[in-house]
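Some notes on the structure that comes next.
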Amino acid sequence: MVSYKEIGLVNTREMFDKAVKGGYAIPAFNFNNMEQLQAIIMAAAELKSPVILQISKGARNYANAILLRYMAEGAVQFAKSLGWENPQIVLHLDHGDSFELCKDCVDKGFSSVMIDGSALPYDENVALTKKVVEYAHKYDVTVEAELGVLAGVEDEVSAEESHYTRPEEVIDFTSKTGCDSLAISIGTSHGAYKFKPEQCTRDPKTGRLVPPPLAFDVLHEIEKKLPGFPIVLHGSSSVPQEYVDTINSFGGRLPDAVGIPEEQLREASKSAVCKINIDSDSRLAMTAAVRQYLSEHPDAFDPRKYLGPAREEMKKLYMHKITDVLGSDGKAE
Ligand code: G3H
Ligand code: 13P
Ligand code: ZN
């Protein structure tokens with residue numbers, strides 16, 4: 001049993017409380033490798049932004065659970081070495097799908113876990129979430145739960161269709177389970193293809209897809225039912241079109257990739273939404289930089305040469321999200 005407190009991590013409780021009251025959101029960035037982690041920590045340390053490091057089940061399978069856990073421990077020391085004296089870093093399990101997986105993370109030093117029972121019938125979601133909360137709270141680990149289903153396909157997360165969260169269920173769910181935050185479905189989805197072309201209109205000037213707006217009415221209904229309760233948005237990448245264009249012009253093929261416009265995330269950050277999940281944008285930043293570097297330097301074969309620019313591009317992206325979208329800069333001085 002390793003306590004996250006011993007390794008300098010924090011849980012989400014105080015962080016979310018301040019974010020809801022302060023009208024900003026905490027970035028939750030996924031990581032699978034060293035360059036992503038370095039870029040996240042460099043951006044958060046430079047801007048003194050609280051940050052959530054997320055590890056999915058797919059990341060554990062890819063990079064090894066133990067190694068990732070020690071990388072997060074190293075991240076705290078790395079942040080301090082960059083001059084961030086009091087780093088506010090959460091280590092979070094993203095989309096935990098069983099009690100056993102959540103327990104393993106609590107036991108191995110995570111400070112927060114998500115139990116995603118959103119695909120289960122309501123009563124089973126309640127029972128599973130409650131069981132995870134009871135275990136995690138013994139160790140002061142915070143728990144995110146989910147109600148409503150996001151569409152989208154990723155390695156380990158997939159659903160054909162989205163179903164908005166039903167506001168009439170949120171009071172019953174949070175009081176029965178005791179969860180610390182609630183991920184809701186209001187039209188975001190995972191991956192780089194968040195909307196089908198037929199759900200969008202097309203900008204006549206650029207020919208690009210314009211996605212339908214998020215269901216802010218559902219968010220506001222939920223806020224009314226649960227005043228001050230921390231709300232989470234998954235699937236919140238914006239799929240920057242510059243990256244899509246770079247990828248496509250250097251040999252890639254991502255036709256009609258589309259994300260959530262940043263103005264809408266900016267608006268959500270000011271509400272009870274206090275955690276915004278971003279993974280795909282970092283994948284796109286990395287892929288764009290690597291494709292461009294390798295195309296322009298066909299003789300390159302030292303991975304540091306192409307992963308270095310990729311890391312720089314990801315750092316730029318994370319800093320932009322923190323400062324210009326979520327507003328969490330300077331909140332962890
Ligand atoms: O929500 C999903 C995250 O983007 C993680 O994706 O399962 O491919 O690691 P992954
Ligand atoms: P994106 O695919 O939009 O980056 O969402 C990531 C996410 O929700 C991780 O849980
Ligand atoms: Zn997610």
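Each reported figure results from applying straightforward, stated rules to the coordinates on display, with no laboratory input. Only a predicted model underlies this, so the values are computations on that prediction, with no experimental measurement involved. Virtual Cβ from ideal backbone geometry, glycine too; neighbours counted across all protein chains shown.
Here are a few things to note about the model shown:
- Cα gyration tensor shape for region 177-333, rounded if a/c is under 1.5, else prolate or oblate: oblate
- Rounded to the nearest whole Hz, the Karplus-based 3J(HN,Hα) values (6.51 cos²θ - 1.76 cosθ + 1.60, θ = phi - 60°) of region 211-220 follow the sequence x, x, x, 5, 7, 5, 5, 5, 4, 5, with x at glycine and proline.
- Pairs of lysines in region 266-333 (C-alpha under 18 Å apart; 8 or more residues apart or interchain): 7
- Range in the chain, longest, excluding exposed trypsin sites (Lys or Arg not before Pro) [loop by DSSP; at most 11 other beta-carbon atoms within 10 Å]: 1-204
- Estimated vicinal HN-Hα couplings, Hz - region 163-175 in sequence order (Karplus 6.51, -1.76, 1.60; Gly, Pro = x): 10, 4, 4, 8, x, 5, 9, 5, 5, 4, 5, 5, 6
- For the chain, the mean residue ellipticity at 222 nm estimated from helices alone is -13500 deg cm²/dmol, where every DSSP H run of n ≥ 4 contributes -39500 (n - 2.57) and the total is divided by all residues, rounded to the nearest 500.
- Rounded if a/c under 1.5, otherwise prolate or oblate - the chain, Cα gyration tensor axes: oblate
- Cα gyration tensor, region 135-262 - rounded (a/c under 1.5), prolate or oblate: prolate
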